[in-house]
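Chemist: Supplied in structure tokens, the structure appears directly below.
The values are calculated or read from the model by the stated rules, or taken from the named source; none is laboratory data. In this text, all values refer to a predicted model and were calculated from it rather than measured experimentally. When we count neighbours, we look across all protein chains shown, and the Cβ atoms used for this are built from the backbone with ideal geometry, even at glycine. Areas reflect the complete protein model, heavy atoms only, side chains present, ligands, DNA and RNA absent. Shrake-Rupley method; radii C 1.70, N 1.55, O 1.52, S 1.80 Å.
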Amino acid sequence: MKVLVINSGSSSLKCTLFRMPEREALAHCVVERIGEDEPAISVEANGATWARPCTASNHEQALDAALGALLESGGDALRSLEEIGAVGHRVVHGGERMSGSAVVTQEVEAVIRDSSVLAPLHNPPNLVGIRAASHTLPAALQVAVFDTAFHRSMPPAAYLYGLPYELYEQRRIRKYGFHGTSHEYVAERAAELLGVPFDRCNLITLHLGNGCSACAVRDGRSVDTSMGMTPLEGLVMGTRCGDIDPALFFLLGNELEIAPGDIYDLLNRRSGLQGLSGKSNDMREIMADAERGDPRARATLEVFCYRVRKYIGAYLAVLGAAHAVVFTAGIGENCPPVRRMACEGLESLGIRLDEDKNEAAVGREALISEDGSPIAVLVVPTDEELKIAVDTYRLSRAP
Ligand code: ADP
């Protein structure tokens, strides 16, 4: 059976086609500038890549263009639309109700709609993608896979803020966490690699990409995570500040007379690696400048790694004991110096990195701790699309 995984954004639609249960990615296609001037499609299938302009004044047309391109791409990627038995949709926010992936029903659609206040930039286009696919592929089962769902197992002590309780009761102001699909995928894979049953596995997973988050996993369930009510909290990221003193919002507004919307923009788009370095949100550039001895790049790198290290320590305290620390995403998978600096000085807590194994592990699964390290350190490349396909296939087979 073929499963189509869709990530629908406000002006883009990304699709990956999988053969299941073989877990084989057959084709990938992206439609950009939906509803704008000159929309375009790019396709990778059967070892070839190509791009061209397309018609996409809305998401339904974008999906038609994507499916048409997949059918055209030749080989055995997609011969007819009937081959697509199910569609898995990435949905950012499932609010407090969604604790796992779910077949799309009117009720699930209502949850996605109601959670739009919590993710106004993401949930509405996610829903548009679901509607487009339901219309274009009416015989296929539609499944929603939520970025927040894995973190639904967090206890109140982890998800409540120290704010008036009414704000939680009346406005659902609390920590939700994101990147759940990635944390769950790498946690499951780490448990397999360690030979520990997932429901008895304790892990600290570190998703370090453009967005960054840490997760404490106890017995295969998320018990804490660094992103909060929004993806701004926690680690230092590409352009987001992560944890700061919330009073800064007031001070920046009052003392510097920055409007609330501009402060929000500053914290989300002009902070993190970008803001600290004054140059780039790309860790590769920060690394290159730091290696050349640029003091600001060096400080940027140190702030980034120090914050990761602090969260490792905090989550060891949360878990009491952990089988492994797991690095994933663009930086976590590809940047040995960041992993080294993040684990520096944690030997007495049981984390002993093997320098050579760490240096050699770039873009692939690897055990990078010393033999006999009480806590293993792993690199596990994330694959959120595959995780969505796996959940979608599982639900399509459920009685
Ligand atoms: P996203 O969160 O957008 O999915 P990715 O997981 O692709 O992002 O991660 C992007 C980040 O990974 C960027 O900061 C990029 O610099 C970093 N990255 C990718 N490759 C390397 C590398 N070889 N060394 C250091 N950083 C890298």
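Chemist: Return the whole-Å distance between the Cα centroid of the range 67-118 and the Cα centroid of the range 333-391.
Modeler: 32 Å
Chemist: Let me ask something else about it. Where the only charges are on Cβ atoms (+1 Lys, Arg; -1 Asp, Glu), what is the dipole of the range 94-231 about its Cα centre, to the nearest 20 debye?
Modeler: Roughly 140 debye, rounded to the nearest 20.
Chemist: Determine how many Å³ per residue the convex hull of the Cα atoms of the range 229-296 encloses.
Modeler: Working: hull volume 6.3 nm³, N = 68.
Output value, Cα hull per residue: 92 Å³.
Chemist: Also, quick follow-up: Can you figure out the FRET efficiency of GLU83 with LEU167, using R₀ = 41 Å and their beta-carbon distance, to the nearest 0.05?
Modeler: 0.25
Chemist: Write down Rg/Rh for the chain, rounded to two decimals, with Rg from the C-alpha atoms and Rh from the Kirkwood relation over Cα pairs.
Modeler: Ratio of gyration radius to Kirkwood radius: 0.97.
Chemist: Related question: Can you list, largest first and rounded to whole Å, the semi-axes you get for the range 49-110 by taking the square root of 5 times each eigenvalue of its Cα gyration tensor? Each step should come with its number before you reach the end.
Modeler: Details: eigenvalues 170, 48, 22 Å².
One finds semi-axes of 29, 16, 11 Å for the range 49-110.
Chemist: Suppose only helical runs count, i.e. DSSP H with n ≥ 4. What mean residue ellipticity at 222 nm does that imply for the chain under -39500 (n - 2.57) per run, divided by all residues and rounded to the nearest 500 deg cm²/dmol?
Modeler: The helix-only estimate for the chain comes to -11500 deg cm²/dmol at 222 nm.
Chemist: For the range 93-143, what percent of Cα pairs sit more than 14 Å apart? Write out the running numbers ahead of the final one.
Modeler: Details: 632 of 1275 pairs.
For the range 93-143, the share of Cα pairs beyond 14 Å comes to 50 percent.
Chemist: Right, here's the next one. Of the listed peptides 220-227, 166-173, 349-356, what is their order by residue-averaged count of other C-beta atoms within 10 Å, with the highest listed first?
Modeler: 220-227, 349-356, 166-173
Chemist: Please give the peptides 387-393, 134-140 ranked by average Cβ packing (other Cβ atoms within 10 Å per residue), highest first, as a rough proxy for protection.
Modeler: Averaged packing, sorted descending, gives the order 387-393, 134-140.
Chemist: Let me ask you something else. Relative to the longest principal Cα axis of the chain, at what angle does helix 295-319 sit, 0 to 90 degrees, rounded to 10?
Modeler: Taking the Cα atoms of the chain, the angle to 295-319 is about 90 degrees.
Chemist: Please pull out the direction-averaged projected area of the range 41-172, using the convex hull of its alpha-carbon atoms, in nm² to one decimal place.
Modeler: So the mean shadow area of the Cα hull is 10.1 nm².
Chemist: So what does the Cα-only Debye profile of the range 1-101 read at q = 0.11, 0.16, 0.18 Å⁻¹, as log10 I(q)/I(0), no solvent term?
Modeler: Here the Debye-derived log intensity ratios amount to -0.34, -0.68, -0.83.
Chemist: Tell me, what % of the accessible area of the chain is carbon and sulfur with a 1.4 angstrom probe?
Modeler: 50 percent
Chemist: Given a Förster radius of 30 Å and the C-beta distance between ASP114 and ALA157 as r, what FRET efficiency does 1/(1 + (r/R0)^6) yield to the nearest 0.05? Walk me through the numbers before you get to the answer.
Modeler: On the way: r = 26 Å, r/R0 = 0.85.
Calculated value: 0.70.
Chemist: Just the Cα atoms of the range 220-363: what Rg and Dmax do they give in Å?
Modeler: Gyration radius and largest Cα-Cα distance of the range 220-363: 16.6, 51 Å.
Chemist: ASP262 to GLU24: extension gain in nm, 0.36 nm per residue of separation minus the Cα-Cα distance? It would help to have the intermediate numbers written out before the result.
Modeler: Details: separation 238, 0.36 × 238 = 85.68 nm, distance 4.39 nm.
Gain in length upon complete extension: 81.3 nm.
Chemist: Percentage of Cα-Cα pair distances in the range 154-265 greater than 24 Å, rounded to whole percent?
Modeler: 37 percent
Chemist: Calculate the spin-label point distance for GLN106 paired with ALA299, positioning each point 7 Å from the Cα along the beta-carbon direction, and give it in nanometres.
Modeler: Going by the 7 Å Cα→Cβ label model, 5.9 nm.
Chemist: How far is helix 384-397 tilted off the main Cα axis of the chain, in degrees rounded to 10, range 0 to 90?
Modeler: Rounded to the nearest ten degrees, it is 50.
Chemist: How large is the Kirkwood hydrodynamic radius of the range 133-192, in angstrom, based on all distinct alpha carbon pairs?
Modeler: 14.2 Å
Chemist: Based on the Cα coordinates of the range 269-352, what is the per residue volume of their convex hull in Å³?
Modeler: In the range 269-352, the Cα hull volume divided by residue count equals 101 Å³.
Chemist: Could you give P(r) for the range 250-289, binned at 5 Å from zero, as whole percent values over all Cα-Cα pairs?
Modeler: With a bin width of 5 Å, the distribution comes to 6, 24, 22, 18, 13, 8, 7, 1.
Chemist: Under a 1.4 Å probe, what is the accessible area of the chain per residue, stated in Å²?
Modeler: Heavy-atom accessible area per residue stands at 45 Å².
Chemist: Sticking with this structure for a sec: Using only the Cα atoms of the range 128-167, what do you get for the radius of gyration and for Dmax, in Å?
Modeler: My reading of the Cα-based Rg and Dmax gives 17.3, 47 Å.
Chemist: Here is a further query. Does anyone have the angle between helix 123-136 and the longest principal axis of the chain? Alpha-carbon axes, 0 to 90°, nearest 10?
Modeler: 30 degrees
Chemist: Using the basic label-point model (7 angstrom from Cα toward the beta carbon), what is the SER348 to HIS135 distance in nanometres?
Modeler: If labels sit at SER348 and HIS135, their model points lie 6.3 nm apart.
Chemist: Sticking with this structure for a sec: For the range 293-399, place one equal point scatterer on every Cα, skip the solvent, and apply the Debye formula. What is log10 of I(q)/I(0) at q = 0.17, 0.24 Å⁻¹?
Modeler: -0.83, -1.28
Chemist: Quick one: which of 336-344, 83-91, 240-248 comes out on top by average Cβ neighbours within 10 Å, and what's the full order, highest first?
Modeler: 83-91, 336-344, 240-248
Chemist: Select from PRO138, ALA77, GLY313 the residue farthest towards the positive end of the dipole of the chain; place +1 on Cβ of Lys and Arg, -1 on Cβ of Asp and Glu, and compute about the Cα centre.
Modeler: GLY313
Chemist: Sort THR105, THR230, THR300 from largest to smallest accessible area, using a 1.4 Å probe on the heavy atoms of the protein chains.
Modeler: THR105, THR230, THR300
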